[in-house]
1. Counting only DSSP beta bridges with both residues in the chain, tell me the antiparallel percent, nearest 5.
2. Run the 1.4 Å probe and let me know the accessible area of residue 49, rounded to the nearest 10 Å².
3. Over the chain, with every protein chain in place, what whole percent of the accessible area is carbon and sulfur at 1.4 Å, could you tell me?
4. Compute from the Cα atoms of the stretch 20-176 the Rg and the Dmax, the latter being the longest Cα-Cα distance, and quote both in angstrom.
5. Any idea how far apart residue 35 and residue 51 come out in nm if each label point goes 7 Å out from Cα toward Cβ?
6. For 225, 165, give the ranking by accessible area with the largest first, probe 1.4 Å.
7. Which of these, 199, 24, 143, has the largest mean-square fluctuation under a Gaussian network model of the chain (Cα springs below 10 Å)?
8. So if each residue of separation counts as 0.36 nm, and I subtract the Cα-Cα distance between residue 139 and residue 307, what length gain in nm does that give?
Amino acid sequence: MRLLLLGCSGFVGRELVPFLLELGHTITLVSRRPQPFPAQAGDRLLCLKLDPADPASWQQDSLRQALAAAQGVVNLVGEPIAERRWTPEHLERLVSSRVRTTELLVEAIARLPHPPAVLVNGSAVGYYGTSADDRFGEAAAPGDDVLGQLCRQWEAAAQAVHSPTRLVILRIGIVLGPDGGALGKMLPVFRAGFGGPVGSGRQWMSWIHRHDLCRLIAAALEDTTYNGVFNAVAPEPVRMADFAAALGRSLGRPSLLPVPGAILRLLLGDGAQVVLEGQQVLPERLAAQGFRYQYPDLSAALGAATSPGLR
């Protein structure tokens, strides 16, 4: 397929772009960086240095032509959620990077005489709010906290896309990979022998290995039976304490030193909510779809994410 990718130049994109190229797809990547993947540059990978949250970018002929030629679009644009304090300015960037970009994309699709066949749009398990005990399938209502309402607006912007474009929304959990995300930050600490659960240790972590997320995105692009919202998580959510213990075992290191929640709140303010609170999210629709995970259990996922040469 001819694909247009937005927001795929970071942690997820580092595996997604080479993976889609391996499958034979042709990619135009929109990024604020000049060329995020120089090793893959060639006839089947074109990078446009544009900001998709800027309306002026959508007036550029290069982007308009790439969208007009695309058979599929993947939109994962979004400022990182849990890496900075949630100042009013940062909250505005969290919203505009996701919601405004998606609105601009959908408006541009609506102007096309031949729109793309499929739009795979990101969202997050933060849609459901947080809970120590509830279990959330795709039919659950959105939370009334900041992240719940942000995801609701993000999804609403995507749902404005008109037929015949097939829409797939992925509510993505904590993505596991060695070179970024939550695991990438935890690995140096655990390898030094100072690892342990963050906060109470009882909060839920709904996770997915990065390779399975890439396989899911590819399946959503190629398989026309994928439609609507899917929880992009593995079938076994775990408590934070169990995650820390499993990571320690995988590395052969102790995992007994907890990180007090107060320290994280001091560093990240409201952004600490993403780590200190959680939700038990189940991939009910992926199970019904018959999606087969390569890493359905945490031990195998952590083993792959921490072993050189595995993905």
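1. Counting DSSP beta bridges with both partners in the chain, the antiparallel share is about 10 percent.
2. 130
3. 54
4. Rg and Dmax of the stretch 20-176, Cα atoms, are 16.5, 50 Å.
5. 2.4
6. The ordering from most to least exposed comes out as 225, 165.
7. 24
8. That works out to 56.8 nm of additional length.
The values are calculated or read from the model by the stated rules, or taken from the named source; none is laboratory data. As the structure is a prediction and not an experimental result, all values here were calculated from the model. FYI the Cβ positions are ideal-geometry reconstructions off the backbone, even for glycines, and counts take in every protein chain you see. When the accessible area is computed, the model is the full protein with side chains, heavy atoms only, and any ligands, DNA or RNA have been set aside. Shrake-Rupley method; radii C 1.70, N 1.55, O 1.52, S 1.80 Å.
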